[in-house]
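One structure is given here, and the rest of the page talks about it.
The values are calculated or read from the model by the stated rules, or taken from the named source; none is laboratory data. What you are looking at is a predicted structure, and each value in this text was computed from that prediction instead of being measured. Here the Cβ positions follow ideal geometry from the backbone for every residue, glycine too, while neighbour counts run over all protein chains shown.
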Amino acid sequence: MMRPALLSLCLLLGACTQPALRGSGDLGLVIERANGSVQIIESTGMTALARIEGLGDLSHASAVFSRDQRYAYVFARDGGLTKVDLLTQRIERRIVQGGNSIGGAISQDGRLIAVSNYVPGGVKVFDASTLQQVADIPATALADGKRSRVVGLVDAPGQRFVFSLFDSGEIWSADFSHGNTPQITRFTKVGEQPYDALITADGRYYMAGLFGEDGMAQLDLWHPERGVQRVLKDYGRGQAKLPVYKMPHLEGWAVADNQAFVPAVGRHQVLVMDARSWQQTAVIAVAGQPIFVTARPDGRQLWVNFAYPDNDRVQVIDTQTHQVVANLKPGPGVLHMEFTGRGEQLWLSVRDGEQLQVWDPYRLTLLKTLPAQSPSGIFFSIRAQKMGY
C-alpha cells in the first residue's frame, strides 16, 4: 500500500504536469500570411500564447469557430482546410480539398463546414468533427468546360449556406436541414460578376457586390419567392471606372443606428444606406479607398482602413454625425481590424510593421503592441455566436 505522504507527492507531481485549465471565450487567431502560420492570442491579458505552423498558403485566409469556441477552422488559398485546437495549441487535422479556395462557413448547428472554391468551381461540405466530406456542390459549367468560381459563402438560418457564382452571375442557397443531401435553390441573372457578399446580423438579407457593374444584388431570405433585387445603384466603380487598388471586403460592412455603412469601390467614400429601405442616404468622404468599415459593438463608432497608398491610416467616424473624429497612423500595411466582444479593445494587424496593435477605442490610445510575422486577418472566438462570421 502506498504511504499517504508518497501518494500526496505523486498527486502533486501529476498536477504539475497538467496544463492550466482555461476557457476559450477570450481567445483569437491571427493569420501570418507569409509563413503559413497562425498565432493564438488572448484578449484578457493582451498576449500571444502560441504560434502554429504548417497551414499552407494563407495569402487570402479566413477562419470560423466551433460552437463551443474551442476549435478554429482555417481556410487557406491553396485549398487547405485546417482544424486548430485553441486549447491544446495544435493542428487537430488538415486536408487539402481543392486547388484554389476563397473562404468558408460553419453551419447554424455547428455540424458542417462548407468551403467555397475557385478550382474546382463549387462548394464542398465537411463534417466539422472529422473533416470527412459529406457533400459536393459543383458550380455552373462554363463554355470553356470550367466551372464558375464561387465567392461570398455565408451561413444562414435554417441550416443553409448561401453563396454567389462569380462567372455565371448567380446566387445559390443550399438547404441542409433535411440531411447531408442539400436542396439547392438557384437565382440566375443577378448581376455581372458578384465578387463578395455578406448576410445581415439577423440572417435575413444576403447582399452581393457586383464587380462587373454598379449596384448590389439583394436576396431576402424571408421571401425568396420575390427573387433577387437590385439595390444601391450607385455602388460600384462609377461611370469613370476608377482604378481599384484593392477590392473592399463586404463582410466588413457596418450596421448601426438603422444605417448601413458601405465601403465604396475605388472611391474615397463610405456610402450610407437606410438599413430598412436600403436606399442611399449620405456619403462620407474619407482619406482613401476603404477596405473594412468596422463598427464598434455599441454602434457609435466606425473604424475604417484603406487600400494602398493610404494603408498606413485608420479613420474613426461618428455614426450619428458622419464626421471623422480621429485620424490615426498605426503603421505601414494595416490589413484588418477586430473588436473584442464587448468592444473595450480594438485589435489591428500592421503587416509591413510586423506587429499587432491593441487600441482603446474610447480613449483612442494604443494599449499594446505584439510582434507578428506579416499579420493579416484577426479572428476572435466570439464569432462562433454570430451569424455570417
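Determine which single condition Ala201 fails, assuming it passes every other condition in (1) surrounded by fewer than 20 Cβ atoms within 10 Å (Cβ to Cβ); (2) over 22 Å from the mean Cα position of the chain (by Cα); (3) modelled with pLDDT under 95; (4) small (Gly, Ala, Ser). So the condition that Ala201 fails would be (2). For the structure I just gave you, tell me whether Asp136 is under 25 Å from Phe75 (Cα atoms), touching a strand residue (DSSP E or B) at 6+ places or on another chain (Cβ under 7 Å) and of a type in the set (D, E, K, R). Yes: the conditions hold for Asp136.
Taken across region 123-130, residues that are in a strand (DSSP E or B), out of contact with any Asp or Glu (no Cβ under 8 Å at 6 or more places or on another chain) and at positive phi do not occur at all.
Within the set Gln229, Gln269, Gln239, the sole residue that is at pLDDT below 80, out of contact with any Gly (no Cβ under 9 Å at 6 or more places or on another chain) and more than 23 Å from Ser62 (Cβ to Cβ) turns out to be Gln239. Taken over region 361-389, the criterion of being free of Cβ contacts under 8 Å to residues at least 40 places away in the same chain and of a type in the set (Phe, Trp, Tyr) is satisfied by Tyr362 alone. Counting only strands (runs of 3 or more DSSP E) wholly contained in region 277-385, the ones carrying 2 or more residues that are more than 16 Å from the chain's Cα centre (by Cα) occupy 280-285, 301-306, 314-318, 324-328, 355-360, 365-371. For region 30-53, the count of residues that are more than 15 Å from Glu354 (Cα to Cα), buried (at least 18 other Cβ atoms within 10 Å of the Cβ), under 13 Å from the mean Cα position of the chain (by Cα) and of a type outside the set (S, T, N, Q) is zero. Scan region 153-170 and give yes if some residue there is under 20 Å from the mean Cα position of the chain (by Cα) and at pLDDT below 90, otherwise no. No: region 153-170 contains no residue that is under 20 Å from the mean Cα position of the chain (by Cα) and at pLDDT below 90.
Quick check on region 98-105. Is at least one of its residues assigned to a loop (DSSP other than H, G, I, E, B) and modelled with pLDDT of 95 or more? Explain how you work it out, then say what you get.
Step one: filter region 98-105 for residues assigned to a loop (DSSP other than H, G, I, E, B), giving 98-99.
Next cut, modelled with pLDDT of 95 or more only: none.
The answer is no; no qualifying residue exists.
Assess whether Gln315 counts as being closer than 30 Å to Ser59 by Cβ and modelled with pLDDT of 95 or more. Considered against the rule, which asks whether it is closer than 30 Å to Ser59 by Cβ and modelled with pLDDT of 95 or more, Gln315 comes out as yes. Just a yes or no: is a residue in region 185-196 at pLDDT below 95 and touching a helix residue (DSSP H, G or I) at 6+ places or on another chain (Cβ under 6 Å)? Scanning region 185-196 turns up at least one residue that is at pLDDT below 95 and touching a helix residue (DSSP H, G or I) at 6+ places or on another chain (Cβ under 6 Å).
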